[in-house]
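Below: the structure, in structure tokens.
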Amino acid sequence: MRDKQKNFKYFKERHGEIFDAYENFGHLLHEKGGPLDEKTRWLIKIAISAASQYEYALQTHIEKAMAVGCTKEEIEHAILLVAPSVGFPKAMSALMVYRKTE
């Protein structure tokens, strides 16, 4: 995990303008991309991060979901819903990440 954080910091420092544009793009999609409420948007992001096995994003999305009022049960449900589409092992890996954030 630490290597990913170091790499992310490196990218931000070396390519700040590109990072800012990318971050703004993500923010605009999240806030103005459609009619979904904020809790639903974060739960979807949790499921996507779980399915892609992107641990750093999953941790971040879990924290942000909790900050906007998602319950532990809602977060766990979003993770479990990944299993039929992308596989039980990916859902279990994501569940492990989630349980570390508790």
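Answer yes or no as to whether residue 4 is surrounded by 11 or more Cβ atoms within 10 Å (Cβ to Cβ), touching a residue at least 24 places away in the same chain (Cβ under 8 Å) and not assigned by TED's automatic domain parsing to the domain that holds residue 92.
The answer is yes for residue 4.
Does residue 53 fit the bill of being of a type outside the set (Gly, Ala, Ser) and on the phi > 0 side of the Ramachandran plot?
Values: of a type outside the set (Gly, Ala, Ser): yes; on the phi > 0 side of the Ramachandran plot: yes.
Against the criterion (of a type outside the set (Gly, Ala, Ser) and on the phi > 0 side of the Ramachandran plot), residue 53 qualifies.
For the range 29-65, give me each residue that is at pLDDT 95 or above, among the aliphatic types (A, V, I, L, M) and over 22 Å from residue 83 (Cα atoms).
36
The values are calculated or read from the model by the stated rules, or taken from the named source; none is laboratory data. The shown structure was predicted, so the numbers you read here are calculated from the model rather than taken from an experiment. Don't worry about glycine lacking a Cβ; one is built from the backbone with ideal geometry, like all the others, and counts go over all protein chains shown.
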